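The values are calculated or read from the model by the stated rules, or taken from the named source; none is laboratory data. Here the structure is a predicted model, which means the values were calculated and not measured. Cβ sites come from the backbone with ideal geometry, for glycine too, and all protein chains shown count toward neighbours. Only protein heavy atoms, including side chains, enter the accessible area calculation; ligands, DNA and RNA are left aside. Shrake-Rupley method; radii C 1.70, N 1.55, O 1.52, S 1.80 Å.
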Amino acid sequence: MVIAAFNAVLFFLKPFKYLMQERIRNSFYNYLHLKPGQMNVKIEASWKKVLKEEFNKTYFKQVTAHIKTEREQGKNLYPPGSQIFNAFDKTPFDKVKVVILGQDPYHGAGQAMGLCFSVPKGIPPPPSLINIFKELKEDTGMAVPNHGDLSSWADEGVLLLNASLTVRSGEPMSHSKIGWQVFTDQVIQKISDLKQHVVFILWGKFAQEKASLIQVNKHCILKAPHPSPLSAHSGFLGCRHFSKTNHYLMKTNQDPVNWSL
């Protein structure tokens, strides 16, 4: 009798199993801003025009399939789905005048927000960001902010681009080889090819390897060690990249960046 009752419960719950599976599938499309059945990525309009060919390439479909699988397995991914393309949404292609390149989203809960090095207000700034603020103060005299949200830089035309746009919770670099870097390399290449007089700020060896994608005769490339505590004292602190950026922008008849936060 107990077994019969148990089987009856399973029969009753069976429809809910398929309902949950359907919700998981739909959450994937919401997560990456895709419509089921088509690669209609919801990204800022000017970027969508520039990058439209990338979204239907095999590697990008593999990225979305990989993320779909991990979501269906119940894995936590960062940043939230609505912020995967946050850097593009906040800094339209037409307004990009500076690019700061990061490597990987923060992998701790609540940290990643789709802007490299940035964390939401209320989240303590990580060590690398603390060193960035130290250099900002030393270089420009601006006060160290009481938060780590760099959104206002993005609004000023600073593209805060990570090479990988997602990561698994607690597993740094976990999405570094799923195809995101092919996509972000194309982003760098498009900026280099289609724009002029952009400042590319490359901190650390990883970022500096991307210099080969940039046309040096029409852009400015600034290099320094990574702001991590492991390397900041090897040349990042004292690099004066904030003032050098504005000097170049003004020299090329562009408005300087307001670095205050």
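Here are some notes:
- Two-decimal log10 I(q)/I(0) for the stretch 86-129, as the Debye equation yields it once each C-alpha is a single scatterer, q = 0.18, 0.20, 0.25 Å⁻¹: -0.57, -0.69, -0.95
- Helices in the chain, meaning DSSP H runs of at least 4 residues, each add -39500 (n - 2.57). Divided by all residues, the mean residue ellipticity at 222 nm is -12500 deg cm²/dmol.
- Surface calculation, 1.4 Å probe, protein heavy atoms: residue 49 sits at approximately 150 Å² accessible.
- Taking amide H as placed 1.01 Å from N in the peptide plane, residue 99 has its amide H under 5 Å from the amide H of 159, 199, 200, 201, each at least 5 places away in sequence or on another chain.
- Over the stretch 57-153 - Rg/Rh using Cα atoms and the Kirkwood inverse-distance radius: 1.03
- Once backbone amide H atoms are built at 1.01 Å from N, residue 162 has 102, 116 as its partners under 5 Å, excluding neighbours fewer than 5 places away on the same chain.
- Net charge dipole, the chain: roughly 540 debye, given to the nearest 20, about the Cα centre with Cβ charges of +1 for Lys and Arg and -1 for Asp and Glu.
- Relative contact order (%) - the stretch 91-202, alpha-carbon pairs under 8 angstrom, separation at least six: 38 percent
- At a probe radius of 1.4 angstrom, the accessible area of the stretch 168-245 per residue rounds to 46 square angstrom.
- Accessible area of the stretch 183-261 belonging to carbon and sulfur atoms, whole % at 1.4 Å probe: 49 percent
- A 1.4 Å probe, protein heavy atoms only, puts the accessible area of residue 206 near 40 Å².
- Normalised by the number of residues in the chain, the mean separation of alpha-carbon contacts (under 8 Å, six or more apart) gives a relative contact order of 19 percent.
- The modelled label-to-label distance between residue 196 and residue 138, using points 7 Å beyond Cα along the C-beta direction, is 3.6 nm.
- Length, then width, then depth: along the principal axes, the Cα atoms of the chain run 82, 37, 27 Å.
- Amide H contacts under 5 Å for residue 123, placed H, 5+ residues apart: 148
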